[in-house]
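Notes for the one structure printed next.
The values are calculated or read from the model by the stated rules, or taken from the named source; none is laboratory data. Since the model is a prediction, treat every value here as computed from it, not as a measurement. Methodologically, a virtual Cβ is constructed for each residue, glycine included, from the backbone with ideal geometry; neighbour enumeration extends over all protein chains shown. Only protein heavy atoms, including side chains, enter the accessible area calculation; ligands, DNA and RNA are left aside. Shrake-Rupley method; radii C 1.70, N 1.55, O 1.52, S 1.80 Å.
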Amino acid sequence: MAFLLVLLLVILYSFIFKTNNHPIPALLTQLTGLVPPSKGLSAAFSQIVRFNFAEAQLLNSHAMRVFSFFFVQLIMRLGIVLVTIKFQNLIGLKVILADIMISLLLFIYCFYPLIEFTFKVLLQLIQ
């Protein structure tokens, strides 16, 4: 339920704030000058929830991929909540393990550009 709430808040945040009106600044870029692959995601998400996919792609080339994680997770969480309500907590270990594996693989696929960037920056800092 908590994850479902977080997913809904991400989508709500995207609806509320338009492209250039996001209160969360790109601190990494401001402090270091580095432009991470996450720069512009909030603005791109705002375009995606308004079905402006081409504009979202221009704002951040990874936006559709990252947003798809949140969208698929939202659908999965809603499905699990509905099944739990209907069958009164009869979700078994196999369903839970399948959910964990699907979520983990989806996360790695959708966030790979951001994960790769983070590891590259960390390796540069270590050297």
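Summary table
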read-out: Most to least packed among 40-48, 100-108 [average Cβ atoms within 10 Å]; value: 40-48, 100-108
read-out: Carbon plus sulfur fraction of accessible area for the chain, probe 1.4 Å, in percent; value: 74
read-out: For the stretch 115-124, Karplus couplings with θ = phi - 60° (6.51, -1.76, 1.60), whole Hz, Gly/Pro x; value: 5, 4, 4, 4, 5, 5, 5, 4, 5, 5
read-out: Accessible area per residue in Å² at 1.4 Å probe, computed on the chain; value: 69
